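Remarks on the structure that follows.
The values are calculated or read from the model by the stated rules, or taken from the named source; none is laboratory data. The model shown is predicted, which means the values in this text are computed figures rather than measured ones. Positions of Cβ are generated from backbone atoms using ideal geometry, with glycine treated the same way; all protein chains shown enter the neighbour counts. The accessibility values were calculated without ligands, DNA or RNA, using every heavy atom of the protein model including side chains. Shrake-Rupley method; radii C 1.70, N 1.55, O 1.52, S 1.80 Å.
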Amino acid sequence: MHKVVIHEADRNVFQSIWTTVWKEEGYEIEPSAHTLVQVLVFNEANVPVGTFELKPYHFNGSPLNEIAPFREQAEITADPCSVAEVDKVALLREYRGQNVSRLLSSIVHYSRQYNIVHCACLMEPVFARALRISFHVPMRQVGKKTYYKGDDVVPTLIHVGDIWHDPESYPWYISMSCQPG
C-alpha cells in the first residue's frame, strides 16, 4: 500500500522516515522545493515503512546533470517530459528486506500515473546492484560511480515504462491500492 502525502501529519511521517534513513547512511539532508508527488509506503500491517518522491526533471537545470551526463542520454533527449527524478527513496532499516518490492511497485505505480517512462536518480551502489541482480529492474548506469553528499552514488536511469508496460515480466511487482487521503 501507498499513500500520497497531502496532510501535515503525513508530511511529518514522510520527513521522519527519509531523514532517519538518510542520517543513518550519512547522507546530507536536503529538502526538495518542487515535487510531482511524495509518497508513503506501508507494509502488510499498514505501518508506514518507506518513502520516495518524484520530481520534475529539468533538461537544462537539473542538478543531476552536474554529476553525470543525464541530458546526453538518448532516452532523455528523445522526450525529456517523460523523465522524472526519483529522490528521498528510503526504507526503515527494520523493514528493508520484505518491503523493497512494495517500494519499487509504488514507484512504478506513480510513474505510470504521471506518464513517466524513465526515472533519473543517484543510487547507493549496493542497492543498485540488488535491484539489477535480484529484482532484474531495467536500468542503466549513465556515469561513473562518484562521491556525492555523504556517500558513493551510481548515476542511473531506471526504465520504469518497461515495467508498467509489461508488469507480468517482473515477479516482484505488486499491483497496489492507495490509501484514501
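Of all accessible surface on the chain at a 1.4 Å probe, what whole percent is carbon and sulfur?
52 percent
From the list [x] 1.10; [y] 1.15; [z] 0.96, can you say which value of Cα Rg over 2.2 N^0.38 Å was derived from the structure given?
Answer by label: [z].
Can you compute the FRET efficiency between VAL126 and SER101 using 1/(1 + (r/R0)^6), with r the Cβ-Cβ distance and R0 = 25 Å? Round to the nearest 0.05. Don't skip to the end; give the middle numbers.
On the way: r = 17 Å, r/R0 = 0.69.
Rounded to the nearest 0.05, the efficiency is 0.90.
Under a 5 Å amide H to amide H cut-off, with H placed in plane at 1.01 Å, what residues pair with VAL89 once short-range neighbours are removed?
Residues meeting the criterion, in which the H sits 1.01 Å from N, are GLU53.
Treating cross-link reach as a plain straight distance, find the lysines whose alpha-carbon is under 29 Å from the alpha-carbon of LYS144, omitting any fewer than eight places away in the same chain.
Within the straight-line limit of under 29 Å, LYS144 reaches these lysines: LYS23, LYS55, LYS88.
Which peptide among 134-142, 155-163 comes first, and what is the full order, when sorted by highest mean count of other Cβ atoms within 10 Å? Could you put the intermediate results ahead of the total?
Working: 134-142: 16.4, 155-163: 21.8.
Ranked by mean Cβ neighbours within 10 Å, highest first: 155-163, 134-142.
How much of the DSSP bridge set in the chain is antiparallel, in percent, rounded to the nearest 5? Mind dumping the intermediate values first?
Values: 26 of 30 bridges.
Around 85 percent of the beta bridges assigned by DSSP in the chain are antiparallel ones.
What net charge is computed for the residues neighbouring CYS119, neighbours being all others with C-beta under 12 Å from the C-beta of CYS119, Lys and Arg scored +1, Asp and Glu -1?
-2
Towards the positive end of the charge dipole of the chain, with charges on Cβ (+1 Lys, Arg; -1 Asp, Glu), say which of GLN73, PRO171, VAL83 has the farthest Cα.
Projecting each Cα onto the dipole axis, the largest value belongs to PRO171.
Taking the Cα centre of the range 18-68 as origin, sum charge times position over the Cβ atoms of Lys and Arg (+1) and Asp and Glu (-1), and report the length of that vector in debye to the nearest 20. Walk me through the numbers on the way to the answer.
Working: 2 positive and 7 negative charges, 32 e Å.
Dipole magnitude for the range 18-68 comes out near 160 debye.
Rounded to the nearest whole Å², what accessible area per residue is found for the range 30-161 with the 1.4 Å probe? Could the numbers behind the result be given before it?
Working: 6080 Å² over 132 residues.
Ligands and nucleic acids excluded, the result is 46 Å² per residue.
Might you report the magnitude of the Cβ-based charge dipole of the chain about its Cα centre, with Lys and Arg at +1 and Asp and Glu at -1, to the nearest 20 debye? Let's see the in-between values first.
Working: 16 positive and 21 negative charges, 32 e Å.
It works out to roughly 160 debye.
Out of residues 5 or more away from TYR148 or on other chains, whose amide H comes under 5 Å of its own, with H placed 1.01 Å from N in the peptide plane?
VAL153
What is the packing order of peptides 103-116, 28-41, taking the mean over residues of other C-beta atoms within 10 Å and listing the highest first? Please report the intermediate quantities before stating the final value.
On the way: 103-116: 20.9, 28-41: 14.7.
Ranking the peptides 103-116, 28-41 by packing returns 103-116, 28-41.
With a length cut of 20 Å (Cα positions projected on each helix's long axis) and a Kyte-Doolittle mean of at least -1.0, go through the chain and give me the DSSP H helices that pass. Walk me through the numbers before you get to the answer.
Numbers: long enough: 8-25 (26 Å, -0.88); 96-113 (26 Å, -0.64).
Span-like helices here: 8-25, 96-113.
Obtain the nm distance between the two label points defined at SER16 and ASN46 by a simple spin-label model: each point lies 7 Å from its Cα along the Cα-to-C-beta direction.
1.7 nm
How much length is gained if the chain between ASP152 and GLU66 is pulled fully straight, taking 0.36 nm per residue apart and subtracting their Cα-Cα distance, in nm to one decimal? The partial results should precede the final answer.
Details: separation 86, 0.36 × 86 = 30.96 nm, distance 1.53 nm.
Gain on stretching ASP152 to GLU66: 29.4 nm.
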